[in-house]
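In what follows, a single structure is set out as structure tokens and then discussed.
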Amino acid sequence: MEGESRLVRMAYSENLEDMFKNTPPTMQRIRVLSPLLPGRPYYVVLLLPVLTGRPYEEYREVRQNLLYACCQIVRLKFPDAKDIVGIAMEPPQNVGGSEDACYYDGRGWTEAQEEEVRKLQNDLGILKNMNVNRTNTKEYPAASS
């Protein structure tokens, strides 16, 4: 997100703060942050509770695979998505924590990939009925000396 403007980073951080505050610790949540300017990356944020009764390494593997699948599904739903950045973690209320990240290059998308990812989306049942939220952020003037 370093390449994003200050205003865009502020809008994204407000959106993520809302996501963190309003996601119960036992709930999975996926949020897609669409670019505010054409040609900029899409971001996928995944909150996934830790799998109970399973090794933590297995949870991390499941989370990484789900995150990558989410990035592919974003490409399916948004044909203009060429650069997709995925970030995954436990809901903030969980003790401890770790993060995973991935990048998906949406260029060179083929019909075969589209068919495969459509099947993946149906199998996983994710990002089927996305709610679109518009973000309004006020840019505050720089502090004067």
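The values are calculated or read from the model by the stated rules, or taken from the named source; none is laboratory data. Note that the structure is a prediction, hence the values are computed from the model and not measured. Here Cβ is always computed from backbone atoms with ideal geometry, including for glycine, and neighbour counts include all displayed protein chains.
Structure values in brief
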item: Long-range neighbours under 6 Å by Cβ, at least six apart or interchain, first residue within 17 Å of Met19 (Cα to Cα) and in contact (Cβ under 8 Å) with a residue 24 or more places away in the chain within the stretch 30-57, second among the aliphatic types (A, V, I, L, M) and in a loop (DSSP other than H, G, I, E, B); result: Tyr42/Ala81
item: Some residue of the stretch 13-33 being on the phi > 0 side of the Ramachandran plot and surrounded by fewer than 13 Cβ atoms within 10 Å (Cβ to Cβ); result: no
item: Of all residues making up the stretch 41-55, the number that are crowded, with 16+ Cβ neighbours inside 10 Å and either closer than 16 Å to Ala88 by Cα or modelled with pLDDT under 90 (or both); result: 9
item: Filter pass, Arg31 being of a type in the set (D, E, K, R) and more than 17 Å from Lys128 (Cα to Cα); result: no
